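The structure appears below as structure tokens.
The values are calculated or read from the model by the stated rules, or taken from the named source; none is laboratory data. Since we're looking at a predicted model, the values are computed, not measured. Each accessible area value is taken on the protein alone, full model and side chains, heavy atoms only, with ligands, DNA and RNA left out. Shrake-Rupley method; radii C 1.70, N 1.55, O 1.52, S 1.80 Å.
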Amino acid sequence: MSRSTVLASDYFQSYSVVGLLAVVGVLFVAVAFGAGRLLRPVVPTPEKMLTYECGVDPVGEGWAHTQVRYYVYAFLYVIFAVDSIFLFPWATVFAAPGYGATTLVEMFIFLGFLAVGLLYAWKKGVLEWT
């Protein structure tokens, strides 16, 4: 048996362990759901067949208006959180020898894209709380 065959068998053996673990996980979930379905009491009543089972009869439409500005602020937060996550590894690479100018240019391009997005949001009036 050649060395490459031994390496390939070791390689696929590690994936077989992952596959076996995935199968065991899926079976565990399936058995748990099946046991829940078999063991739970099934007593359908008119109250349980209502849309909401919280003790209050549903009244009115199921449509509610939400303020979009909350989503916009959350979206802007996510953008700048990603920016800060990108800045920390950049600072460590920037300190390494031989990467100074390249990483500095890349970071200014990245920050430029973020600045253009923030300027666009500001010009559209998204950042104003009314």
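Could you go through segment 111-120 in sequence order and give the Karplus-derived ³J(HN,Hα) for each residue, using 6.51 cos²θ - 1.76 cosθ + 1.60 with θ = phi - 60°, rounded to whole Hz, and x for Gly and Pro?
5, x, 4, 5, 5, 5, x, 5, 5, 4
At a probe radius of 1.4 Å, what is the per-residue accessible area of LYS124, in Å² to the nearest 10?
We get 130 Å² for LYS124.
Let me check something: with ligands and nucleic acids excluded, how do TRP122, TRP90 order by accessible area (1.4 Å probe), largest to smallest?
The ordering from most to least exposed comes out as TRP122, TRP90.
When the convex hull of the Cα atoms of segment 84-130 is projected onto a plane and the area is averaged over all directions, what value comes out in nm²?
If you wrap the Cα atoms of segment 84-130 in a convex hull and average its projections, you get 3.8 nm².
So how much slack lies between ARG69 and VAL17, counting 0.36 nm per residue of separation and subtracting their Cα-Cα distance, in nm?
14.0 nm
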